Structures are given as C-alpha cells and as structure tokens.
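Read the structure below first, then the notes.
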Amino acid sequence: MRTLCLVLCFTVVVVSAGAGHQRFREKWNSVHSECQAETFVDEAIFESIRKGGNPDLPSNFGLHAFCMLKKLGFQDSNGQPVVNHIRGAVKHNVDSAKVDQVVSECAVSKGSSEQTALHIFGCFSRNNVNIGQK
C-alpha cells in the first residue's frame, strides 16, 4: 500500500510538472507571436539558437528579446529586471543551493532594455532556466 501511494504521488508530481511546462510553453508561444507582430525576426534565427547554433543576430533581435521578457514579466516597461519573477523561474529550474547565485547573475540591468533582455536570456541559457523556450 505504501509503495502504491508513493508511485501515485510521484505520478501526480510528474504530471503536474509536465502541465506546468506546457503552460510555460503555451505562454511563450503566445508572447512570441505577439512580439513577432511587433518586432519580426526570421524564425530560422530561433531555430538555429534552439539547436545550439550561434547565428548572426539581426539588429532588432534585442528589441524582440525585450518584448518577450517584458510580456513574460521578467522585465518592467522601463527595461529593468523584475527580480522576484526571475527568482521564481530560477527556483523551478536550478538546485536550491544555487538560486541566489543565479538570480544575482541574471537579474542585472545593462546599458539598455534590449541589452538587459539579451543578458537575461543568455544567463537563463547558461544556467538551464527554461521559461518556455525549450
């Protein structure tokens, strides 16, 4: 009986995690479509990035990144990182012992909204923080 209970609990956790990832992915796709309408970037660029490539980024890529992170809540309308939101994403993706370190690394304001967005995306990528992009 105890084993059955553990298996059921584990199954619920796995299914819930999958549902959470699905919600992230759906939100990501929705925001990406909105930002594509505002700041179009060729989908081949995103595909290359997803596959680990290092494509030449178009001049509006930072603007697109800012659009995405603003609509996802990781940057405010002035381009500043939203630390609590970043912390929430990091907590779901990083070992608890490293959360503060990764948040400190990622929640850094750079010279512009676009540069900050690119920094946050790069930091999330380096630290395997999935906000729906994977």
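Say whether the condition of being hydrophobic (A, V, I, L, M, F, W, C), at pLDDT 95 or above, in contact with a Phe, Trp or Tyr (Cβ under 8 Å, 6 or more places away or on another chain) and at negative phi is met by at least one residue in the range 74-82. Scanning the range 74-82 turns up at least one residue that is hydrophobic (A, V, I, L, M, F, W, C), at pLDDT 95 or above, in contact with a Phe, Trp or Tyr (Cβ under 8 Å, 6 or more places away or on another chain) and at negative phi. The number of residues in the range 116-125 being modelled with pLDDT under 95 and over 11 Å from the mean Cα position of the chain (by Cα) comes to 0.
What are the residues in the range 71-88 that are part of a helix (DSSP H, G or I) and either in contact (Cβ under 8 Å) with a residue 24 or more places away in the chain or touching a helix residue (DSSP H, G or I) at 6+ places or on another chain (Cβ under 7 Å) (or both), if any? Matches in the range 71-88: Lys71, Leu72, Val83, Ile86, Arg87. With respect to His21, is the statement that it is within 18 Å of the chain's Cα centre (by Cα), surrounded by 16 or more Cβ atoms within 10 Å (Cβ to Cβ) and not hydroxyl-bearing (Ser, Thr, Tyr) true? Criteria not met by His21.
Pairs meeting the criteria (first residue in the range 45-67 and touching a residue at least 40 places away in the same chain (Cβ under 8 Å) and surrounded by 10 or more Cβ atoms within 10 Å (Cβ to Cβ), second residue assigned to a loop (DSSP other than H, G, I, E, B) and not β-branched (Val, Ile, Thr), beta carbons under 7 Å, at least 6 apart or on different chains) are Phe66/Gly79. Under 22 Å from Ile45 (Cα atoms) and among the aliphatic types (A, V, I, L, M): does that describe Val129? Spelling it out, Val129 is indeed under 22 Å from Ile45 (Cα atoms) and among the aliphatic types (A, V, I, L, M). Go through the range 114-134 residue by residue and tally those that are crowded, with 22+ Cβ neighbours inside 10 Å and of a type in the set (Ser, Thr, Tyr). So the count comes out to 1. Scanning the range 92-113 for residues that are touching a His at 6+ places or on another chain (Cβ under 9 Å) and either over 30 Å from Ser59 (Cβ atoms) or surrounded by fewer than 19 Cβ atoms within 10 Å (Cβ to Cβ) (or both) yields a total of 3.
Scan the range 69-79 residue by residue and report those that are buried (at least 24 other Cβ atoms within 10 Å of the Cβ) and within 20 Å of Phe46 (Cα to Cα).
Hits for the range 69-79 are Leu69, Phe74.
For Val99, the requirement of being closer than 26 Å to Thr39 by Cβ and β-branched (Val, Ile, Thr) is not met.
The set of residues from the range 29-70 being assigned to a helix (DSSP H, G or I), modelled with pLDDT of 95 or more and of a type in the set (Phe, Trp, Tyr) comprises Phe61, Phe66.
The values are calculated or read from the model by the stated rules, or taken from the named source; none is laboratory data. These numbers were taken from a predicted model, which means no experiment stands behind them. Please note: Cβ atoms are built from the backbone with ideal geometry, for glycine as well, and neighbour counts cover all protein chains shown.
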